[in-house]
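J.: Below are the structure tokens for one structure; questions will follow.
The values are calculated or read from the model by the stated rules, or taken from the named source; none is laboratory data. What you are looking at is a predicted structure, and each value in this text was computed from that prediction instead of being measured. Reconstructed Cβ throughout: ideal geometry from the backbone, glycine too, with neighbour counts over all protein chains shown. Heavy atoms of the whole protein, side chains included, go into the accessibility calculation; ligands, DNA and RNA do not. Shrake-Rupley method; radii C 1.70, N 1.55, O 1.52, S 1.80 Å.
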Amino acid sequence: MKKKSKTLLVDGDMVVFQAAAASEVEVRWTDDVHTLHSKFDDAVDLFDNWRNKMNDVFESDNFIFAFSDKSNFRKEVDETYKSNRKKSRKPLCYSALKDYVCAKYRAHIWPTLEADDILGILATSDEHKDCVVISDDKDLLSIPAMVYRLDTLHNIDRTTADYNFFVQCLVGDATDGYKGCPGIGAKRAEAIFEGGADWSKIVAAYDKAGLDESAALIQARLARILRSEDYDIKNKKVKLWKPKKTKSSR
């Protein structure tokens, strides 16, 4: 009996953005006039090259692509979430290449969710037990799954995933526009969690910074990449993360 190929759960936002951006060409007509153009076929070729590479790495063509919805549930948690990206633009061929991928492959866009959340839910569901998440985003290291990031395969167990999530609660993410706990970087977070990571240490760190547990919870809900237990698939509703009072060690 032929072995079933792995399901490759792909960050579609990332792959399409990279291929579209790489296809852009600047033309300098005069010292004062510069234009930017992009050829769709070039973007498709770059995407296909990436797909062929993943096919060779995993010996699988069973792709599922995830794309972010225009709405985002995290803005209801904190309206300033990703507000730093308002003026950023998508590459010229982004929309056309996204449509191409969605038409040719299985693709998911779920209401109010980011691509990362869809990947996290699918990877931790019973439906996709033999799967690999493909994304360069370090946030996916907070998902208990096989994660292929920057050409390296990570086998993330639940304890490590929980630890990485707790670190993110303290450190924040400047790229996504949430700050975490003031004055705490990655090294300080590791020191705080020496001997084990748990919610009480996060609350204590925020308290020391002059902030209460509600402030910590907001940051945690912004940092949390959804898992299957965090989402009601039938009713398409997010279950906002709540801390458990049990200890999670690294």
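J.: Taking the 0 to 90 degree range and rounding to the nearest ten, how far is the long axis of helix 40-58 tilted relative to the main principal axis of the chain, both from C-alpha atoms?
T.: It is inclined by approximately 60 degrees.
J.: Want the number for Trp29 to Glu190: 0.36 nm per residue separation, take away the alpha-carbon distance, what's left?
T.: 52.7 nm
J.: In addition: Counting only heavy atoms of the protein chains, get the accessible area per residue of the range 123-250 (1.4 Å probe) and round it to a whole Å² value.
T.: Ligands and nucleic acids excluded, the figure is 52 Å² per residue.
J.: Please report, in debye to the nearest 20, how large the charge dipole of the range 1-113 is about its Cα centre when each Lys and Arg carries +1 at its beta carbon and each Asp and Glu carries -1 there.
T.: 540 debye
J.: For the range 1-100, which chymotrypsin sites (Phe, Trp or Tyr not before Pro) are both in a DSSP coil and crowded by at most 14 other Cβ atoms within 10 Å?
T.: Filter output for the range 1-100: Trp29.
J.: Name the long-range amide H neighbours of Tyr148: under 5 Å, sequence gap of 5 or more, or other chain; modelled H, no Pro or chain starts.
T.: Val133, Ile134, Ser135, His154
J.: Which of the aspartates and glutamates could a cross-linker bridge to Lys129, judged by Cα under 16 Å and excluding same-chain residues fewer than eight apart?
T.: The qualifying aspartates and glutamates are Asp157, Glu229.
J.: On to the next question. Pull up the cross-link candidates among the lysines for Lys187, meaning alpha carbon to alpha carbon under 27 Å and not fewer than 8 places away within one chain.
T.: Candidates past the 8-residue exclusion: Lys82, Lys138, Lys179, Lys201, Lys208, Lys242, Lys244, Lys245, Lys247.
J.: Express the Stokes-Einstein translational diffusion coefficient of the range 109-250 in µm² s⁻¹, to the nearest whole number, given a Kirkwood radius over alpha-carbon pairs, 25 °C and a viscosity of 0.890 mPa s.
T.: 158 µm²/s
J.: Note the angle between two axes, namely the Cα long axis of helix 94-104 and the longest principal axis of the Cα atoms of the chain, as a number of degrees from 0 to 90, rounded to the nearest 10.
T.: 90 degrees
J.: Ok, one more. Please list, in chain and number order, the residues 5+ apart from Ser68 or on another chain whose amide H is under 5 Å from its amide H, with Hs placed from the backbone.
T.: Those lying under 5 Å, H to H, from Ser68 are Asp13, Ala115.
J.: While we're looking at this one, here's another question. Taking only Cα atoms and a 10 Å spring cutoff, compute GNM fluctuations for the chain and point out the largest among Ser68, Ser142, Ser60.
T.: Most flexible of the set in this elastic network: Ser60.
J.: Here is a follow-up. What does the helix-only formula give at 222 nm for the chain: each DSSP H stretch with n ≥ 4 adding -39500 (n - 2.57), the total divided by the residues, and the result rounded to the nearest 500 deg cm²/dmol?
T.: -11500 deg cm²/dmol
J.: Further question on the same structure: Give the label of the value calculated from the structure for mean projected area of the Cα convex hull in nm², choosing from (1) 15.0; (2) 13.0; (3) 16.8.
T.: (3)
J.: Quick one: order Ile109, Ile184, Ile121 from most to least accessible surface, probe 1.4 Å.
T.: Largest accessible area first, the list is Ile109, Ile184, Ile121.
J.: Okay, next question. Starting from the Cα-Cα distance between Lys244 and His154, subtract it from 0.36 nm times their residue separation and give me the gain in nm to one decimal.
T.: So the extension gain works out to 29.8 nm.
J.: Round to a whole angstrom and tell me the spacing of the C-alpha centers of the range 163-183 and the range 19-56.
T.: Each part's Cα centre sits 33 Å from the other's.
J.: If each residue of separation counts as 0.36 nm, what is the full-extension length gain between Lys104 and Ala215 once their alpha-carbon separation is subtracted?
T.: Stretched fully, the Lys104-Ala215 segment lengthens by 35.6 nm.
J.: A further question on this structure: What is the percent carbon and sulfur in the accessible area of the chain, measuring with a 1.4 Å probe over the protein chains and ignoring ligands?
T.: Here it works out to 50 percent.
J.: I've got another one for you. To the nearest 10 degrees, how steeply does helix 199-208 sit against the main Cα axis of the chain, on a 0 to 90 scale?
T.: 80 degrees
J.: 5 Å is the cut-off here: which amide hydrogens, built 1.01 Å from N in the peptide plane, fall below it relative to Leu211, excluding neighbours closer than 5 in sequence?
T.: So Leu211 has HN proximity to no qualifying residue.
J.: Loop-only check: which GluC sites (Glu not before Pro) in the range 159-250 are DSSP coil with at most 11 other Cβ within 10 angstrom?
T.: Answer in residue order: Glu194.
J.: For the pair Phe17/Thr175, report the inter-label distance in nm, with labels modelled 7 Å from Cα in the Cβ direction.
T.: Result: 0.7 nm between the two label points.
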